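Here's the structure we're looking at; comments come further down.
The values are calculated or read from the model by the stated rules, or taken from the named source; none is laboratory data. On a predicted model such as this, the values are computed, not experimentally measured, just so you know. No Cβ is skipped: glycine too gets one built from the backbone with ideal geometry, and neighbour counts run over all protein chains shown.
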Amino acid sequence: MPATPPRASSLILALAACAAVSGCGSFDSTSQRLVSSITPYKVEIVQGNFVSREQVAALKPGMSRQQVRDILGTPLVTSIFRTDRWDYVFTLKRRGVPTQERKLAVFFKGEVLDRFEGDEMPTEAEFVATLDNKRKDAKVPVLEASEERLKEFSAAHAAPVPATAPAEPAPAASYPPLEPPAR
């Protein structure tokens, strides 16, 4: 007895589904490489305050809390129970790179800096070099301006002074009312 057309198409469809399901159980090396190369995007997570070696070198015992805040920024962690300690923590998580974590604790006696302790901090240039891992041959920009560069910059961006300055108008003696008169 010959198969009718609807039965034949459903038989072919069922055989194709069985072949597809049986193929899902085994991958060859090419398929495995393709699947492993497709990964979801992971966002870089940066938390805390980056503190450089130059900033730590600027700290001196006897500085006020405001001077320390001016150098290091606002601390990430302060405790209402231990007001004599500020903690600066920096964490950078990126895919394919070990997590960077640096800690610095600053201790006060009263309102002045007593001491500080923490991890070895990288210089600003070292930190910038670790950020861009895609371009290994990239040149790190100069992060400090010399006196000569500052003079060049100020000379190049100085505004020309006009020969005669225009006279400023005299201030108004009276001003119009803000609201219209009532009817």
Tell me the residue from K42, K109 that is under 24 Å from L131 (Cβ atoms) and basic (K, R), please.
K42
Residues that are over 12 Å from F50 (Cα atoms) and out of contact with any strand residue (DSSP E or B) (no Cβ under 6 Å at 6 or more places or on another chain), drawn from region 113-125:
L113, E120, A125
Residue identified as surrounded by fewer than 16 Cβ atoms within 10 Å (Cβ to Cβ) and either touching an Asp or Glu at 6+ places or on another chain (Cβ under 8 Å) or modelled with pLDDT under 85 (or both) among F81, F90, F108:
F81
Please verify whether Q66 is modelled with pLDDT of 80 or more, loosely packed, with under 10 Cβ neighbours inside 10 Å and either assigned to a helix (DSSP H, G or I) or touching a strand residue (DSSP E or B) at 6+ places or on another chain (Cβ under 8 Å) (or both), treating the condition exactly as stated.
yes
Could you list, in sequence order, all residues of region 93-104 that are surrounded by fewer than 16 Cβ atoms within 10 Å (Cβ to Cβ) and assigned to a strand (DSSP E or B)?
K93, V97, P98, T99, E101
All but one of (1) surrounded by 12 or more Cβ atoms within 10 Å (Cβ to Cβ); (2) at pLDDT below 75; (3) more than 28 Å from V68 (Cα to Cα) hold for E152; state the number of the condition that does not hold.
(2)
The lone exception for I71 - which of (1) at pLDDT below 90; (2) under 22 Å from the mean Cα position of the chain (by Cα); (3) not polar (S, T, N, Q) it fails
(1)
Cβ contacts < 7 Å: first residue in a helix (DSSP H, G or I), restricted to region 127-151; second residue surrounded by 10 or more Cβ atoms within 10 Å (Cβ to Cβ) and at pLDDT 75 or above, any location; separation 6+ or different chain. Result?
F127/F50; F127/S52
Can you tell me which residues in region 98-111 are more than 14 Å from Q55 (Cβ to Cβ) and either in contact (Cβ under 8 Å) with a residue 60 or more places away in the chain or touching a helix residue (DSSP H, G or I) at 6+ places or on another chain (Cβ under 8 Å) (or both)?
Q100, F108, E111
Would you pick out the residues in region 111-127 that are of a type in the set (D, E) and either closer than 13 Å to P61 by Cα or surrounded by fewer than 16 Cβ atoms within 10 Å (Cβ to Cβ) (or both)?
E111, D114, E117, D119, E120, E126
Going through region 37-63 one residue at a time, which ones are exposed (fewer than 14 other Cβ atoms within 10 Å of the Cβ), in contact (Cβ under 8 Å) with a residue 40 or more places away in the chain and of a type in the set (G, A, S)?
G62
